[in-house]
Amino acid sequence: MEAVISIANIAEHVGQVVTVRGWVYNRTDKGKLQFIQLRDGSGIAQCVAFKRDLDPEQFEIAAKLTQESSVIITGEVRADERAPGIPGGYEIGIKSLSLIQMADEYPITPKEHGTEFLMDHRHLWLRSSRQWAILRIRATIIRAMRDFMDDNGYLLVDTPLITPAAGENTTSLFELDYFGEQAYLAQTGQLYNEANMMAFGKVYCFGPSFRAEKSKTRRHLMEFWMMEPEAAFLTLEEMMEFEEQMIYSIAQRVLAKHRSELAIIERDVSKLEAIQIPFARISYDEAVERLQKKYAETDDPEQKELLKIEWGEDFGSPHETALAEMFDRPGFVYHYPTAVKAFYMQPVEGRPEVCRSVDLLAPEGYGEIIGGSERIYDADLLEERVKTMEIPREAYAWYLELRRFGSVPHAGFGIGIERTVAWICGLAHIRETIPYARMLSRNYP
């Protein structure tokens with residue numbers, strides 16, 4: 001009986017008769033020859049139906065196959081450097097073909113389609129080689145992140161997706177009626193991560209986050225995925241070193257495993273090969289000075305307005321883009337103003353208007369992919385911050401209680417999966433980084 005193989009492993013079976021199962025990606029009619037590109041999810045192989053090698057009924061089916069028809073093909077694997085595919089250089093000479101289903105006329109064709117059309121048909125668009133490549137790279141990025149955490153002694157501890165209070169601010173929450181009580185979809189797992197950290201020392205959570213921010217930029221989703229580590233006795237400087245080691249390892253994993261996929265999406269791999277340690281480090285103060293200098297040197301009125309900033313203001317996407325373009329690799333911006341960051345961030349000693357926070361900006365204009373900080377560990381200071389910012393104490397009572405039972409200095413960060421994928425893949429918009437994007441005007445399909 002012929003072995004059923006994955007197309008990804010076709011090179012291991014040259015000269016053997018094998019069976020492959022999948023969907024017709026494309027078909028070229030050459031009369032007595034039918035060239036069928038078959039995809040099985042792991043790759044694409046050229047399968048050649050020669051009229052003299054098949055019984056008439058099977059060849060007639062081969063000659064009528066429509067795009068995305070599902071079939072089972074048995075044949076001999078041949079090495080042929082001219083054969084297209086993923087991986088290329090191999091083809092299957094068909095000995096038998098079994099039709100599972102003849103597909104209807106497929107709505108997505110090689111012609112140009114508008115973005116909205118493709119998003120409306122996202123459930124089918126995922127089958128295209130470009131989307132296939134992006135989401136395979138996404139899976140590797142996630143695996144690389146989790147391997148890095150596991151290998152460095154961090155324990156995966158899940159955090160709830162339904163919470164009684166905001167993680168960061170109250171203006172971008174999805175509200176729920178939780179059996180008569182008000183609750184929210186989680187913006188972050190970080191607060192619960194701090195409790196977990198007190199139990200296990202070094203932890204991380206990985207899962208979806210929800211923010212009802214009414215933004216239409218190329219970087220924003222309403223539902224996105226984050227990995228969030230938290231560690232006891234970790235300083236800001238140690239955390240930056242940890243982050244750059246992680247990002248470097250991710251880039252190396254993608255380069256080692258996905259050259260074919262990177263070629264499909266036409267990613268300039270030299271940009272990824274340029275990611276070397278150490279990353280650039282500048283303070284918020286210096287970042288503002290650089291932006292103000294760029295503002296003064298810019299003649300374009302529209303660009304000038306986007307770059308305008310005063311000390312104490314948070315960075316918007318144009319500011320992050322401008323800063324990221326100044327580096328050929330990721331760069332850290334640290335010590336942001338306390339007023340623009342979350343209530344739990346540790347102030348800089350002797351300079352309370354600034355906190356021990358840091359963002360990692362990806363190069364090529366992609367902006368922030370990681371945000372983190374040292375956390376306030378003094379109970380009285382955190383109580384004071386909650387009171388000053390008029391945060392409802394009762395919703396955070398459990399979080400405040402953590403500081404009264406063995407509090408220690410600690411730090412953590414969150415890395416956005418989709419923003420990281422967008423940068424690694426060189427994508428113009430975040431909507432291609434996730435199987436089913438949830439955006440301001442889209443929750444279908």
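Read-outs: derived from the displayed coordinates by stated rules, not from any lab. All of these numbers come straight from a predicted model, not from anything done at the bench. Ideal geometry is used to build each Cβ from the backbone, glycine not excepted, and the neighbour counts take in all protein chains shown.
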Query raised in the report: Along the charge dipole of segment 203-354, which of Ala251, Thr298, Val288 sits closest to the positive end, that is, farthest toward it, with unit charges on the beta carbon of Lys, Arg, Asp and Glu (+1, +1, -1, -1)?
Result: Ala251
**Report entry** Amide H contacts under 5 Å for Gln187, placed H, 5+ residues apart
**Finding:** Gly167, Phe210
Query raised in the report: Given labels modelled 7 Å from the Cα in the Cβ direction, how far is it in nm from Gln276 to Lys257?
Result: 2.6
Query raised in the report: Toward the positive end of the charge dipole of the chain, about the Cα centre and with charges on Cβ (Lys, Arg +1; Asp, Glu -1), which of Ala8, Val269, Gly114 goes farthest?
Result: Ala8
Query raised in the report: Toward the positive end of the charge dipole of the chain, about the Cα centre and with charges on Cβ (Lys, Arg +1; Asp, Glu -1), which of Gln190, Gly31, Gly426 goes farthest?
Result: Gly31
Report summary line: Longest principal axis of the chain (C-alpha) makes with the long axis of helix 379-388 (C-alpha) an angle, in degrees to the nearest 10, of 90
Query - Per-residue ³J(HN,Hα) for segment 79-88, Karplus 6.51 cos²θ - 1.76 cosθ + 1.60, θ = phi - 60°, Hz, x for Gly and Pro - result: 7, 8, 4, 7, 6, x, x, 9, x, x
Report task. Subtract the Cα-Cα distance of Glu105 and Ser129 from 0.36 nm times their separation in residues, and report this length gain in nm to one decimal. Result -> 6.8 nm
Report summary line: Flagged as over-length at 25 Å C-alpha distance, from Lys216/Lys308; Lys111/Lys271; Lys341/Lys387, the pairs are Lys111/Lys271
**Report entry** Peptides 298-305, 159-166 ordered by average Cβ neighbours within 10 Å, highest first
**Finding:** 159-166, 298-305
Report task. Give the Rg/Rh ratio for segment 122-433, taking Rg as the radius of gyration of the Cα atoms and Rh as the Kirkwood radius, to two decimals. Result -> 0.96
Query raised in the report: Under unit Cβ charges (Lys, Arg +1; Asp, Glu -1), what dipole magnitude, rounded to 20 debye, does the chain have relative to its Cα centre?
Result: 1500
Report summary line: Taking a straight Cα-to-Cα line shorter than 21 Å from Lys30, and setting aside same-chain lysines fewer than 8 residues away, one finds Lys51, Lys64, Lys95
Query raised in the report: Arranged by the count of other C-beta atoms within 10 angstrom, fewest first, what order do Val421, Val4, Val71, Val157 take?
Result: Val4, Val157, Val71, Val421
Report summary line: Expressed in nanometres to one decimal, the distance between label points 7 Å along Cα→Cβ at Gln245 and Glu401 is 3.5
Query raised in the report: Once phi is turned into ³J(HN,Hα) by the Karplus curve 6.51 cos²θ - 1.76 cosθ + 1.60 with θ = phi - 60°, what whole-Hz value does each residue of segment 270-279 show in order, with x for glycine and proline?
Result: 4, 5, 6, 5, 7, 6, 10, 9, x, 7
Report summary line: Which residues qualify? For Leu173, with a placed amide H closer than 5 Å and at least 5 residues away or on another chain, they are Ala212
Query raised in the report: Residue by residue, what Karplus-based ³J(HN,Hα) values in Hz, rounded to whole numbers, does segment 358-373 have, using 6.51, -1.76 and 1.60 with θ = phi - 60° and x for Gly and Pro?
Result: 7, 10, 9, 9, 7, x, 6, x, 7, x, 5, 10, 9, x, x, 5
Query raised in the report: Given H placed 1.01 Å from N in the peptide plane, which residues other than close sequence neighbours of Arg281 have an amide H under 5 Å from its amide H?
Result: Phe332
Requested in this report: Could you list Glu353, Glu432 in order of exposure, starting from the residue whose Cβ has the fewest other Cβ atoms within 10 Å?
Outcome: Glu353, Glu432
